[in-house]
Amino acid sequence: MISIITINYNDAKGLQRTLQSVRSQSYQHFEHIVIDGNSDDGSKNVIQDAGDYLAYAISEPDKGIYNAMNKGISVAKGQYLLFLNSGDSLAHEDVLAKVAPFLKSHKDIYYGTIQVERNGQLKQLEYPDDLTFQYFFHKGYLPHPATFIKKDLFDRTSMYNEDLKIAADWEFLVCAVCKFHATYENIQLPISNYDTHGISSNPNHRQLLLDEKQWILEKHFPLFLKDSKELQAQNELLQTKRFKLLKSIEANAIARKMTTIWLRMIATIFSTNKNK
């Protein structure tokens, strides 16, 4: 069974959209869990209207996004978890039906693609088949609305770090894959439409994201971080030397060309004077 976990805070309209996309799935062997942070915008009424359709729902104050996600993990009964937060929606009504056969191979992580709206146009974001430390280190992540995670992977690694505000899901994934060797597969299917109004999509939070990633790397991968800095410094030095060398070669080439022209001019003048 699949557990779909939706966290929400004061986004009644987005919550309705998420609930509707899940309810319309042709595959029904799943449970839907909603963790609400004591919203006061009508979200509680949306949850009440959903009734018995929800396997579990609670509305109470929490300590942030990852505290709410951990609450969902704790009560989930499915073998695989999908975090489809308020405002996100499944790409079409057959998403779970198409994903379910892949889950029978029992890998730790399955991920597909998401669709986001940018400048009025929908863009599909795809992810690599091979997840390396280099990928995570430079720019990589996996979108939680398109990632199915085996529940017991949290037991074998850790729950989400509630001390972090924005990068705990990145910490979980980079550690799961690069530290605990979690198995994974890119199923290359469209999974969800991503709501870009979340905290991680806000450019005002970019520095916070970078700071938290730096802290994560220093905590879990200090030697890799040190090696990376040294390699970067060596590469910058090499590029500088290469630039100087190319400039030197270019300057020498110009000098040789000018010398050749000058010698030809001298030879021409000498030949002319000799023939007079």
Give me the pairs: first residue in segment 72-100 and at positive phi, second residue open to solvent by 40 Å² or more (accessible area, probe 1.4 Å) and not in a helix (DSSP H, G or I), beta-carbon distance under 6 Å, and six or more apart or on different chains, which are they?
-> 87/11
Does residue 96 meet the test of being over 17 Å from the mean Cα position of the chain (by Cα) and either among the basic types (Lys, Arg) or assigned to a helix (DSSP H, G or I) (or both)?
-> yes
Looking only at segment 122-177, which residues are of a type in the set (Val, Ile, Thr) and either crowded, with 19+ Cβ neighbours inside 10 Å or under 15 Å from the mean Cα position of the chain (by Cα) (or both)?
-> 132, 147, 149, 166, 174, 177
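Can you tell me which of 68, 57 is open to solvent by 10 Å² or more (accessible area, probe 1.4 Å) and not charged (D, E, K, R)?
Criteria check complete, one pass: 57.
The values are calculated or read from the model by the stated rules, or taken from the named source; none is laboratory data. What you see is a predicted model, and the numbers here were worked out from it, not measured in a lab. Note that each Cβ is placed from the backbone with ideal geometry, even for glycine, and that neighbours are counted across all protein chains shown. To get the accessible areas, we keep the full protein, side chains included, count just its heavy atoms, and leave off ligands, DNA and RNA. Shrake-Rupley method; radii C 1.70, N 1.55, O 1.52, S 1.80 Å.
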